[in-house]
Amino acid sequence: MKRAATVERKTRETRISLTLNVDGTGKSAVHTTIAFMDHMFELFAKHGRFDLKLNARGDTHIDDHHLVEDLGIALGEAIAKALGDKKGIFRYGNFLLPMDETLSYVALDLSNRPYFVWKVRWTETRIGRFDGLLLEHFFESVAASARMNLHMALKYGKHPHHVGESLFKGFARALSQAAAFDPRTRGVPSTKGKL
């Protein structure tokens with residue numbers, strides 16, 4: 001059974017169409033009108049081995065905030081929908097990811113209990129025209145909509161592009177681990193019998 005989901009999100013501020021296949025090969029076709037986010041979503045698909053189709057636009061003439069937030073919501077909803085009842089998965093994933101001078105750590109639990117911890121201190125937040133501070137809100141929106149426990153920490157790093165890239169790649173790898181099937185797990189990976 002292919003684990004995939006499509007999410008359409010339309011508000012007065014944004015329009016998003018996102019299709020995610022968690023059992024993909026890393027193919028992506030992404031257009032969000034925010035060049036840096038296009039790059040990050042392509043990295044997410046490639047390094048998580050997810051297939052991703054994403055078209056989005058929003059009121060970026062004001063700033064990127066609404067579209068970045070809604071992209072997080074849409075991605076989180078697609079993750080939750082694609083994974084369904086989560087039977088047979090590992091559930092937990094973590095990854096320590098180097099990106100040149102930067103090292104980040106991402107740990108997550110597909111627990112159905114949303115919680116978000118962000119331990120990232122920027123020395124510089126501008127990534128070209130993009131405001132790197134928006135990434136905290138993006139991942140917070142992903143965690144809430146996917147109903148996952150997500151912890152992200154920057155161990156060290158200076159270049160803001162490398163920081164963003166390290167966090168996205170680490171998230172992709174941790175999610176790929178957590179969503180993978182564990183051959184020793186029968187049913188839902190919880191003593192409660194339900195996530």
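How large is the dipole of the chain about the Cα centre if only Lys and Arg carry +1 and Asp and Glu carry -1, each at its Cβ, rounded to the nearest 20 debye?
On the way: 29 positive and 22 negative charges, 199 e Å.
So the dipole magnitude of the chain works out to roughly 960 debye.
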- Hey, in the GNM for the chain with a 10 angstrom Cα cutoff, which one of A153, A174, A74 fluctuates hardest? A153
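Nearest 5 is fine: what % of DSSP beta bridges in the chain come out antiparallel, could you say? The partial results should precede the final answer.
Working: 33 of 42 bridges.
Within the chain, antiparallel bridges account for around 80 percent of the total.
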- Note on the structure: For region 104-194, listing GluC sites (Glu not before Pro) in a DSSP loop whose Cβ sees at most 13 other Cβ atoms within 10 Å gives E124
- Within the P(r) computed for region 4-179, what percentage of the Cα pairs occupies the region above 29 Å? 11
- Whole-Hz couplings from phi, Karplus 6.51/-1.76/1.60, listed for region 61-70; x for Gly and Pro: 5, 7, 5, 8, 4, 4, 5, 5, 4, 6
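In region 87-195, which trypsin sites (Lys or Arg not before Pro) are in a loop and have at most 13 other Cβ atoms within 10 Å, using DSSP for the loop call?
Values: sites: K87, R91, K119, R121, R126, R129, R147, K155, K158, K169, R173, R184, R186, K192, K194; in loops: K87, R91, R121, R129, R147, K158, R184, R186, K192, K194.
Qualifying residues, ordered by number: K87, R121, R129, K158, R184, R186, K192, K194.
Only sites in a loop by DSSP and with at most 15 other Cβ atoms within 10 Å count here; which trypsin sites (Lys or Arg not before Pro) in region 2-83 make the cut? Walk me through the numbers on the way to the answer.
Values: sites: K2, R3, R9, K10, R12, R15, K27, K46, R49, K53, R57, K81; in loops: K2, R3, R12, K27, R49.
Passing sites in region 2-83 are K2, R12, K27.
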- Message: Which of I34, I62, I89 ends up with the largest GNM mean-square fluctuation for the chain, with Cα atoms connected below 10 Å?
- Response: I62
- Query: For region 104-147, with equal point scatterers placed on the C-alpha atoms only and solvent neglected, what are the log10 I(q)/I(0) values from the Debye formula at q = 0.25 1/Å, to two decimals?
  - Reply: -0.94
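Read-outs: derived from the displayed coordinates by stated rules, not from any lab. Worth saying up front: this structure is predicted, and the values here are computed from it rather than measured. No Cβ is skipped: glycine too gets one built from the backbone with ideal geometry, and neighbour counts run over all protein chains shown.
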